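Okay, so here's the structure we're looking at.
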Amino acid sequence: MAANNSIKGPVAVVIGILVLIVTYNSMFMVNERELAVLLEFGRPVRNVTEPGLYFKTPLIQEVRRFPRTRQFWASGANDVLVDLPTKDGKKIEIAIWAIWRITDPEQFLRVMRTVGNAEQQVRQRVRAGVRDVITTYDLAEVVRSTDRELTYSFGLEDLPKVEADAQDAIDDLSQVGEQARILVGREKIMAEIQERIKSQLAVGEKGDDNRLLDRGIELVDVGVSNIGFVQSVRQASFERLTAFMEAIAAKYINEGEQRKQEIVNESEAKAEKIRGEGEEQSKRLRGEVEAEIIELYANAIRETGDFYNFQRTLEVYEKSLDSDTRLILTTDSDLLRMLKEVSPPAADSASQ
């Protein structure tokens, strides 16, 4: 009995460990961000689309996990659609993006196998769908949704007439079709692209029974992140626009210089007029003052003529005669007559 008990103990432990191992290997968890497919000898037998705890047959079945979340793909530098012609002959570049998800993990595993293969299919279908649809519409339809009047302005309304090359630059700026009538519009075009890609992604290659196989994926949304002219067109348009703007700048500079000269001439004319009027007024005032002075002198001379002449004569004699001066006077000399008329001071005193 003791020997049997000593054997049963380790056996029970081993059995318990094996049970735990088998139980652990038979359970698997699926979280809310995952989808799972249960494989039996490599063949899909069951879809697991809800999160939770599940069981499988150990050593026979295995779990393959896929993302439940939406997958995003965007065109990189090598995936940009270049030299894409629109219906009206405009060459453009388009960068695109797409959002897709797995709808049936079992079918996805059968057809796509991996997420990388699915993304490659999405890339190819999206590029082809965008190319096929865009080339059937004019550029204005691709970039605009309605034919409403544009509210922006390039400020080119009042500019001068320019050369033909410069005018082409303006046409490049406005060739989105401000005056074009929009019949479809960008939103409807993108919806058409989305429906086309959805239908192409829904089915894959033919299976063994010659039927098209569902890929188990779905396109959620597709869009255009950038639309632009090809590099050669952008460069040519830029150069033409540069020449056009330089012509405008030269015109404004010439007009400015002309206006500047007109202002300078007007200012100089006004200054010259003011100087002329000032000199005229100055001369007139100076003449009036000099005439008034002369008139005052004349009045003074008329009022004190004899006395003034006598005083001036005395001043002349005083400056010209001294004690050493000898004069020879004629009998009709005014000075001799004056000396005769002057009475001697002594005689006057004696007579008094």
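May I ask which of Lys87/Lys198; Lys90/Lys188; Lys87/Lys251 have a Cα-Cα span longer than 32 Å here? Don't skip to the answer; put the middle values down first.
Numbers: Lys87/Lys198 24 Å; Lys90/Lys188 20 Å; Lys87/Lys251 38 Å.
Result: Lys87/Lys251 exceed 32 Å.
What are the residues whose amide H is under 5 Å from the amide H of Arg46, where those residues sit 5 or more places off or on another chain and H is modelled from the backbone?
Leu38
Estimate the FRET efficiency between Val233 and Phe72 by the formula 1/(1 + (r/R0)^6), using the beta-carbon distance for r and 35 Å for R0, to the nearest 0.05.
0.70
Just grab the label-to-label distance for Ile17 and Glu318, each label 7 Å out from Cα along the Cβ direction, in nm (one decimal).
The answer from the label model is 15.8 nm.
Let's test the formula: R0 of 45 Å, r as the Cβ-Cβ distance of Asn117 and Glu149. What FRET efficiency results, to the nearest 0.05? Don't jump to the answer; show the numbers that get you there.
Details: r = 48 Å, r/R0 = 1.07.
Step by step, r from the Cβ atoms, then E = 0.40.
Spelling out what I want: for every residue of segment 278-283, take phi, set θ = phi - 60°, compute 6.51 cos²θ - 1.76 cosθ + 1.60 (Karplus), and round to whole Hz; glycine and proline get x.
x, 5, 4, 5, 5, 5
Give a quick list of trypsin sites (Lys or Arg not before Pro) in segment 252-334 that DSSP marks as loop, anything other than H, G, I, E or B, with at most 16 other Cβ atoms within 10 Å.
Details: sites: Arg259, Lys260, Lys270, Lys273, Arg275, Lys283, Arg284, Arg286, Arg302, Arg312, Lys319, Arg326; in loops: Arg326.
For trypsin sites (Lys or Arg not before Pro) across segment 252-334 that sit outside H, G, I, E and B with at most 16 neighbouring Cβ atoms in 10 Å, the list reads Arg326.
Calculated FRET efficiency, Ala271 and Ala249, Cβ-Cβ r, R0 35 Å, to nearest 0.05?
For Ala271 and Ala249, the calculated efficiency is 0.65.
When the Cα centres of segment 214-256 and segment 67-132 are compared, how far apart do they sit, in Å?
Between the Cα centres of segment 214-256 and segment 67-132 lies a distance of 25 Å.
Please arrange Ile94, Ile99, Ile301, Ile328 by counting, for each residue, the other beta carbons lying within 10 Å of its beta carbon, fewest first. Please list the in-between numbers first.
On the way: Ile94 19, Ile99 16, Ile301 11, Ile328 5.
With the sparsest Cβ surroundings first, the list reads Ile328, Ile301, Ile99, Ile94.
According to a simple spin-label model (label point 7 Å from Cα along Cα-to-Cβ), what is the distance in nm between Lys198 and Val45?
3.6 nm
Treat each spin label as a single point 7 Å out from the Cα along the C-beta direction, and report the Arg101 to Glu290 distance in nm.
10.9 nm
No lab work stands behind these numbers, since they all come straight from the coordinates. What you are looking at is a predicted structure, and each value in this text was computed from that prediction instead of being measured. Neighbour counts run over all protein chains shown; Cβ positions are idealised from the backbone, glycine included.
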